[in-house]
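Q: Sending over a structure as structure tokens; questions will come in a sec.
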Amino acid sequence: MKYLWMACLAAATLAAQETPDQREARHHFVLVSTRAAANFRSADSIDARLHADGAVLHPQLIALRLRIEAALSEARFDMDERDYPAAEDALTRAEALLDRFARQIGGY
């Protein structure tokens, strides 16, 4: 989660000299990563409550979280390499995974 916020800050610093494609990719990245951070925070809260009761978070949720983080990392790398179509593909994949994650934890 710490990485997501650092990535959002890094994306904001690139905003000074950007093309419309760059601006759109950065905006999409910030939206997806912010939503991911909110859902991860909810999952962490649920995990803490489960842990207090002696249970654990379902392994599928943990795997989904790792896949979302990997897709966001890939999108960030593609943005740094100025490969915006690949970045958009990675962000679309991250959004789809995030939708599944949110449904499973009961989020939005």
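Q: Could you pull out the residue among A43, A38, A63 that is within 18 Å of D99 (Cα to Cα), under 12 Å from the mean Cα position of the chain (by Cα), modelled with pLDDT of 75 or more and hydrophobic (A, V, I, L, M, F, W, C)?
A: Selected residue: A38, the only one of A43, A38, A63 that is within 18 Å of D99 (Cα to Cα), under 12 Å from the mean Cα position of the chain (by Cα), modelled with pLDDT of 75 or more and hydrophobic (A, V, I, L, M, F, W, C).
Q: Hey, another quick one. Please verify whether region 47-62 includes one or more residues that are closer than 29 Å to E18 by Cα and outside any helix (DSSP H, G or I).
A: For region 47-62, residues closer than 29 Å to E18 by Cα and outside any helix (DSSP H, G or I): absent.
Q: Out of everything in region 71-83 that is surrounded by fewer than 18 Cβ atoms within 10 Å (Cβ to Cβ) and in contact (Cβ under 8 Å) with a residue 60 or more places away in the chain, what residue ends up being farthest from the chain's Cα centre (by Cα)?
A: Residue satisfying both the conditions and the ranking: R82.
Q: If you don't mind, another one. When region 86-99 is examined, which residues are found to be loosely packed, with under 15 Cβ neighbours inside 10 Å and modelled with pLDDT under 90?
A: Listed by number, the list holds a single entry, D99.
Q: May I ask you to list the residues in region 39-70 that are under 19 Å from A94 (Cα atoms), in contact (Cβ under 8 Å) with a residue 40 or more places away in the chain and surrounded by 14 or more Cβ atoms within 10 Å (Cβ to Cβ)?
A: Listed by number, the residues that qualify are N39, S42, A43, L61, L64, E69.
Q: Checking F101 against (1) closer than 22 Å to P20 by Cβ; (2) in contact (Cβ under 8 Å) with a residue 40 or more places away in the chain; (3) assigned to a helix (DSSP H, G or I), which single condition isn't satisfied?
A: (1)
Q: Filter region 84-98 for residues that are without any contact (Cβ under 8 Å) to a residue 40 or more places away in the chain and of a type in the set (S, T, Y) and give the result.
A: T92, the sole residue that qualifies.
The values are calculated or read from the model by the stated rules, or taken from the named source; none is laboratory data. Every value quoted in this text rests on a predicted model; they were computed, and no experiment measured them. Neighbour counts run over all protein chains shown; Cβ positions are idealised from the backbone, glycine included.
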